[in-house]
Amino acid sequence: MTTIPVSWYLIVSALLFTIGTIGVLVRRNPLIIFMSIELMLNAVNLAFVTLSSYLDSADGQVFVFLVLTVAAAEVVVGLAIIVSIFRTRRNIDVDEMNLLRG
């Protein structure tokens, strides 16, 4: 049985991160932007786990737990803000969210 080279995992991670970045920059729906950010965080997690496995160290896996915790907190706060904005304005288009501007 052949093993998959480490570089392939890193290439997949880079592709996922690129797709997430394009999603954040191009889309105007905040839910899609959140999903793109989650895709970027998971790409980083894949790179952490790959390099952790390659180096025989558990440090990368510990960072994955940290990233997962930050991602969960980000989703909770972000969805609360989006639901609040939707309840008041009935629209969640990012271009029209200028309510907090001074």
Nearest 500 deg cm²/dmol is fine: what mean residue ellipticity at 222 nm does the chain get from its DSSP H runs of n ≥ 4 alone, each adding -39,500 (n - 2.57), divided by its residue count?
-27000 deg cm²/dmol
Kindly report, to the nearest 10 Å², the accessible surface of M35 as traced by a 1.4 Å probe over protein heavy atoms only.
120
Computed over the chain, protein heavy atoms only, probe 1.4 angstrom, the accessible area per residue in square angstrom equals 74
Averaging over all projection directions, find the projected area of the Cα convex hull of the stretch 27-102 and quote it in nm² with one decimal place.
5.9
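The values are calculated or read from the model by the stated rules, or taken from the named source; none is laboratory data. Computed from a predicted model, the values in this text were never measured in an experiment. For accessibility, only protein heavy atoms count, side chains too; no ligands or nucleic acids. Shrake-Rupley method; radii C 1.70, N 1.55, O 1.52, S 1.80 Å.
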